[in-house]
Amino acid sequence: MPKPLLRLTDFTIAFDDNVVVNALSLTVNAGETLAIVGESGSGKSVSALGAINLLPRNAMISGERWLEETDLN
């Protein structure tokens, strides 16, 4: 069974009560490549930045974020 490198579960991001990413769940296993596609403004970059804590202070992040065995919350 492949080991998860990155796992997001019910990952939600909001700015000042405006939800921009709602309940995203994904798993990237060792040896896999993930491409996230969507329209401009659909939350692709915000999701990536939020997963690694690089959003501004007014961002509210909820859900689970794991990098291998490390809890990123």
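FYI, it's all coordinate maths here, none of it is from the lab. Remember, predicted model here, so these are calculated numbers, not experimental data. Virtual Cβ from ideal backbone geometry, glycine too; neighbours counted across all protein chains shown.
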Subject >> Ser47, Ser25 arranged by Cβ crowding within 10 Å, fewest neighbours leading >> reply: Ser25, Ser47
**OP:** List Lys3, Lys44 from most exposed to least, where exposure is judged by having the fewest other Cβ atoms within 10 Å.
**Re:** Lys3, Lys44
Subject >> Amide N proximity, the range 1-16 versus Glu68 label position 7 Å along Cα-to-Cβ, cut-off under 19 Å >> reply: 1-8
